[in-house]
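Quick notes on the structure that follows.
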Amino acid sequence: MGDIAQGQQVSKRLPAKQLIPYVLLVVGAVAMAVSFFLPFASAKGDYAEYLKQYGDRVYTAEAGLHNKDVVGLSLLTFLRIYIAGLQSGKLLGGMYLEAVICITLMAVIAVSSLLILLFGVLKKPIAAIVFSVLAVVAFYALRWDFDDRGVLPSSQYGYGIAEYIYPISFVVVVAGAIWFMVSRHIAKTVHQQLANNTTNSTPVNSTPVNSAPVANGAAVAEPVAPSKAE
C-alpha cells in the first residue's frame, strides 16, 4: 500500500514537470515564428543615417517600400523585395534563378516556423523537431547564399538580431521537445505501474472462501456427519 501511495504522489507531480518543457517548447516556437519579422539585416553607419534622414523617399516602388522600411530588413521584407523584383523583371544582374531559390527558402522558413508553433501548442514534439530541423536548414542555406553573393554582410548592411535569435530558438525548441517527450514517457510508465499494482494487489482484510479453520499454524479438518445406512 505504501508503494501505491508513493506512486500516486509521484504521478501528481508529473504534470507540473511536463509543464516546464512544454512552455519551453512553445516559447522557442514563438521566437522562431517572430524571428521572421525581426531584422535579418540592419543598415549600418552613414547609410543607416541616410535612410533615417530621408525615410519618406521611395526605396523600391515595385515592393512599395520607403527608406524608413529598409533600415532593418526582415526575412518578410526580403521576400517582398524578391517577389516584386521577379514579377517586374527588374532584378539586379538578371538573377532570376537565385531569386526563385531565395523565395523558396524563405517560404520554407515561414511555413515551417508556423507549423513548429502549431505542433508545439498541440503537444506534438516529434513533428515540432522535424519542422524545426527543416526550418534551420533552410535558414542557413539562405544565409550561405547571401554570404556567397555578397548580399550580407556588405558595406551598407550587417546581420540583424534575427540572425542570432533563430538558431537560439531552434536549440530551445529541440531541448524543450526532447524534455517533454522524456517527461511524458516517465508519466506513462508510472501510471502503468500504478495500474499493474492495483490489479495485482489483494485486499488485506479479505478471507478466502471455503478455507479450513487454522489452529496453531495447522489446518484442522472439519467434522463430517456420518451417513445413514439405507
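The values are calculated or read from the model by the stated rules, or taken from the named source; none is laboratory data. Remember, it's a predicted structure, so these values are computed and weren't measured experimentally. Cβ: placed from backbone, ideal geometry, glycine included. Neighbour counts: every protein chain shown.
Here are a few things to note about the model shown:
- Residues located in region 64-88, provided they are without any contact (Cβ under 8 Å) to a residue 24 or more places away in the chain and either over 17 Å from A107 (Cα atoms) or among the charged types (D, E, K, R) (or both): G64, L65, H66, N67, K68, D69, R80
- Evaluated against (1) surrounded by 15 or more Cβ atoms within 10 Å (Cβ to Cβ); (2) modelled with pLDDT of 90 or more, L14 falls short on exactly one condition, (2).
- Residues of region 28-71 that are basic (K, R) and under 29 Å from L114 (Cα atoms): K68 alone.
Matching residues to (1) within 22 Å of Y159 (Cβ to Cβ); (2) of a type in the set (K, R); (3) touching a residue at least 24 places away in the same chain (Cβ under 8 Å):
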residue	(1), (2), (3)
L51	yes, no, no
Y54	no, no, no
E98	yes, no, yes
I103	yes, no, yes
L117	no, no, yes
K124	no, yes, no
A128	no, no, yes
